[in-house]
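Nothing in this text is a laboratory measurement; each read-out follows from the coordinates by a stated rule. The model shown is predicted, which means the values in this text are computed figures rather than measured ones. A quick note on method: Cβ atoms are made from the backbone with ideal geometry, for glycine too, and the neighbour counts reach across all protein chains shown.
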Amino acid sequence: MLAVGSAAAEPGEAAQGWIDVPDRADAGTQIPVTVVHGARPGSVLALVAGTHGYEYTSVLALQRLRARLDPARMSGAVILVHMANPPCFYGRRVYYGPDAKNLNRVYPGAPDGTVSERIAHALTREVIERCTHLADMHCGDGNEACRPYAYWIVSGNRAVDAGSRELALAYGLDHIVVDRGRPTDLARSAFTSNTAILRGKPAVTTESGGMGRTDEVSVGNHERGAASLVAHLGILDLPSARVERPVWLDRNEVLRAPATGVWHPVVEPMQHLAAGTLVGRLTDPYGALLHEVRAPFAGIVLYIVATPPVTEGEPLGGFGAVATTDY
Ligand SMILES: [Zn+2]
């Protein structure tokens with residue numbers, strides 16, 4: 001029996017249900033999950049969609065993938081977290097939950113914390129603890145234009161890092177950020193994928209789509225990538241999307257708003273910029289220039305905030321430098 005929340009499936013069966021996040025000081029929620037339990041043993045892949053509420057491409061991709069998973073023909077299992085963050089999805093919230101916390105910064109969570117912390121705790125206990133591999137599927141949030149890429153998180157654990165690299169390649173997105181900047185403290189893992197990695201489970205974070213859109217290319221990338229992971233792990237024979245020669249980006253930086261104001265970006269995702277190139281202008285509400293934001297080094301725009309409101313300290317975009325060595 002493989003049980004995740006109320007979804008419990010015997011070998012050769014699929015089941016759907018909820019992970020219950022009870023009310024505490026604030027309102028709880030129920031996280032919809034499907035468990036597809038193969039007839040034969042094998043890897044257990046967790047696919048997590050909808051961590052951020054205005055990111056829809058992964059939610060739609062998992063609905064499609066579910067229909068393609070036949071437990072009778074599978075070795076191992078797939079846990080589909082269809083929507084990790086229902087209060088943000090149904091509330092149409094960018095970045096933050098009703099508790100003003102970003103779910104993808106509060107792992108491993110706390111059983112008596114605010115709702116985002118309780119969701120993180122429930123997903124750690126029910127999903128991350130039970131899987132052998134994990135993919136955390138994102139896109140640009142409702143205000144972010146983004147081109148597809150994956151994060152390969154390098155933790156220093158060679159075996160886990162090698163497994164994570166294979167997941168990043170198997171997902172098929174042709175730009176991969178080599179990310180060495182994640183926390184190493186198990187009690188402050190912060191991010192979904194990092195929480196799995198620090199528990200010895202290879203994981204990848206993927207980005208396809210943005211701006212609240214549900215375009216076919218972006219949804220299709222996630223569906224193809226997730227199916228390819230299922231194939232890569234030998235769970236079910238599905239088409240591989242593996243990328244053989246990705247563009248590796250081994251330096252990355254989040255550009256942050258130096259002040260609260262009105263943002264005027266002048267670049268597009270995947271644009272190559274020389275160091276010092278103008279990325280955008282920040283004005284006050286009347287139109288007076290507050291700051292010019294420039295590329296910190298030569299590199300590629302991974303994503304860019306493409307709508308005007310920005311708050312001091314929040315992201316304006318993500319920026320990465322193309323690696324000169326192969327990974
Ligand atoms: Zn996200």
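Ala110 sits among other residues whose Cβ lies under 9 Å from its own Cβ, and their net charge, with Lys and Arg +1 and Asp and Glu -1, is -1.
Look at where the Cα atoms of the range 180-220 and of the range 253-304 average out, and the two centres are 24 Å apart. Phi angles across the range 145-160 convert, under the Karplus curve 6.51 cos²θ - 1.76 cosθ + 1.60 with θ = phi - 60°, into 3J(HN,Hα) values of 8, 8, 9, x, 7, 10, 9, 9, 7, 9, 9, x, 8, 4, 5, 5 Hz, Gly and Pro given as x. Peptide packing for 160-173, 234-247, 94-107 was compared via the average number of neighbouring C-beta atoms within 10 Å per residue; ordered from the highest value, the list is 160-173, 94-107, 234-247. For the chain, the dipole from Cβ point charges (+1 on Lys and Arg, -1 on Asp and Glu) about the Cα centre works out to 380 debye, to the nearest 20. From most to least packed by mean Cβ count within 10 Å, the peptides 286-295, 183-192 give 183-192, 286-295. Could you tell me which residue out of Asn85, Pro71, Pro111 lies farthest along the dipole of the range 64-112 toward its positive end? Charges go on the beta carbon: Lys and Arg +1, Asp and Glu -1, centred on the Cα centre. In the range 64-112, that residue is Pro71.
Residue ranges 120-132, 136-148, 66-78 sort as 136-148, 120-132, 66-78 when ordered by packing (mean number of other C-beta atoms within 10 Å per residue, highest first).
When you restrict to C-alpha pairs under 8 Å that are six or more residues apart and normalise by the size of the range 187-327, the relative contact order lands at 22 percent.
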